[in-house]
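The values are calculated or read from the model by the stated rules, or taken from the named source; none is laboratory data. Values in this document were obtained by computation on a predicted structure and should not be read as measured data. All Cβ positions, even for glycine, are placed from backbone atoms using ideal geometry, and neighbour counts span all protein chains on display. Side chains are part of the model used for accessible areas, which takes the heavy atoms of the whole protein and leaves out ligands, DNA and RNA. Shrake-Rupley method; radii C 1.70, N 1.55, O 1.52, S 1.80 Å.
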Amino acid sequence: GPMILLNFAHPLTEEHITQIEHLIGQKIERVIAIPTQIDPQQPLVPQVVMLADACGLSPAEWQTLPLLVNPPSLNFIAVVLLAELHGRCGYFPAHLRLRPVQGSLPPKYEVAEVLNLQAVREEARRRR
């Protein structure tokens, strides 16, 4: 079925959406854009919980909707968010990796790949 894209990073262009749809072989049904400003003076975890809450998904939707995540660029927000989303979904949702387009002025980004984090986890378990 169509995919729901949770965007915790910069806005995505129509070109980005087309690239993503080509990579995943599915349509993006909707993009939920979540601004990821945090207060560095406050504890991080409650702020990340609020970011996930801002998606507006019910507990059942977290567990059943096909989700794709464009993670925030700040690593400490991204890692806490990954743990929060895993707890809500029961698995690691797929994540986008964007990369700079070489030589572009002003800087532009393209979709590099879709990372199947659940598959990474399953494969890593074989190395335990």
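See the values below:
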item: Sorted largest first, extent of the chain alpha carbons per principal axis (Å); result: 38, 38, 33
item: Region 20-49 versus region 97-120: alpha-carbon centroid distance in Å; result: 16 Å
item: Protection proxy ranking of 65-75, 9-19 - average other beta-carbon atoms within 10 Å, highest first; result: 65-75, 9-19
item: Of the chymotrypsin sites (Phe, Trp or Tyr not before Pro) in region 1-108, those whose Cβ has at most 11 other Cβ within 10 Å and which sit in DSSP loop; result: none
item: Under 16 Å from the THR13 label point (7 Å along Cα→beta-carbon), backbone N, region 96-128; result: 98-112
item: Mean projection area, nm², convex hull over Cα of region 28-68; result: 3.4 nm²
item: Restricting region 1-108 to trypsin sites (Lys or Arg not before Pro) in coil, as DSSP defines it, with at most 16 other Cβ within 10 Å; result: LYS27, LYS108
item: Amide N of region 75-96 lying under 19 Å from the label point, which is placed 7 angstrom from the Cα of GLN63 along Cα→Cβ; result: 83-94
item: Mean Cβ count within 10 Å, highest first, over the residues of peptides 119-127, 49-57; result: 49-57, 119-127
item: Region 53-94, accessible surface, carbon-and-sulfur percent (1.4 angstrom probe); result: 63 percent
